[in-house]
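The values are calculated or read from the model by the stated rules, or taken from the named source; none is laboratory data. Since the structure is predicted, the reported quantities are computational estimates derived from the model, not experimental observations. As a convention, Cβ positions derive from the backbone with ideal geometry for all residues, glycine included, and neighbour counts pool all protein chains shown. These area figures cover heavy atoms from the full protein model, side chains too; ligands, DNA and RNA do not enter into them. Shrake-Rupley method; radii C 1.70, N 1.55, O 1.52, S 1.80 Å.
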Amino acid sequence: MYHKHNTEGVVIGGSERGETSRSIVLFTRDFGLIHVSVQAGRAMASKLRYGVQDFTLGNFTLIKGRHTWKLVGAEEKLNILPDIKDKKVVLANIFNLISKFSGEDKNEKLYDIVLDSIPLFKDVEEREELKALESLIVLRILENLGFVRGASIFFDCINSKDVTKGDINFVKNKRFEAVSMINESIEAAKGMV
């Protein structure tokens, strides 16, 4: 008998398998980034159907098999996909970064960094502010994963519990330095992973 694991998570991507099944990448609070098999998850009668769409935040019931995780239950809370194309691209970039550098390890702080940033997308109106928000979130993720080196002018923004409009404006005014730090951190990360 297999043990069922319940966790909150976000579907950050997936692909179709066969006529009705799907493989998803799930970023979870309790297990980190995991690849999950969903049998008949795309079937019209499936109860899992809406819970396994990309960018869905929900509660998931999983079984750890010998080689893979299997989804046996999904309760959709909401679809976090922003309605504006530029915001969709930023969110996809953030999840792409996580899928490159995060693994199947519990990291509640990383999960909170990402989930707490989702509501901020609503408040950002101008393009430069959106770029600053993306840079700030990426810096916070990289710092959490241990890829940001040394002291930085962004220390307070990166390590504060909550992101404020002031943090976003600070990064907006220092965007060149933020992008440089991100690029250096990603290059360092590539050598470690």
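One residue stands out among those in the range 2-48 that are of a type in the set (Lys, Arg) and assigned to a strand (DSSP E or B): the one that is surrounded by the most Cβ atoms within 10 Å (Cβ to Cβ), which is 22. Look at the range 31-57: where a residue is free of Cβ contacts under 8 Å to residues at least 24 places away in the same chain and a partner is β-branched (Val, Ile, Thr) and assigned to a loop (DSSP other than H, G, I, E, B), sitting 6+ places away or on another chain with Cβ atoms under 9 Å, you get 40/20; 43/20; 44/20. Listed conditions (1) in contact with a helix residue (DSSP H, G or I) (Cβ under 6 Å, 6 or more places away or on another chain); (2) open to solvent by less than 30 Å² (accessible area, probe 1.4 Å) are all met by residue 76, apart from (2). Taken as a whole, the structure places residue 68 among residues that are farther than 27 Å from residue 185 by Cα and open to solvent by 40 Å² or more (accessible area, probe 1.4 Å).
Considering the range 102-121, the residues that are touching a residue at least 12 places away in the same chain (Cβ under 8 Å) and farther than 16 Å from residue 33 by Cβ include one that is most open to solvent (accessible area, probe 1.4 Å), namely 116. Filtering the range 24-78 down to residues that are in contact with a His (Cβ under 9 Å, 6 or more places away or on another chain) and farther than 14 Å from residue 6 by Cα, which residue is modelled with the lowest pLDDT? Selected residue: 68. Residues in the range 122-134 that are open to solvent by less than 20 Å² (accessible area, probe 1.4 Å) and not in a helix (DSSP H, G or I): 124 only. Would you please list the contacts, defined by Cβ atoms under 8 Å and residues six or more apart or on different chains, that run from a residue in the range 160-179 that is surrounded by 12 or more Cβ atoms within 10 Å (Cβ to Cβ) to a residue that is of a type in the set (Lys, Arg)? What qualifies is 163/140; 172/131; 175/131.
For the range 103-120, the tally of residues that are in a loop (DSSP other than H, G, I, E, B) and closer than 18 Å to residue 136 by Cα stands at 2. If the condition is being assigned to a helix (DSSP H, G or I) and either without any contact (Cβ under 8 Å) to a residue 40 or more places away in the chain or open to solvent by 40 Å² or more (accessible area, probe 1.4 Å) (or both), then the range 135-151 contributes 140, 143, 144.
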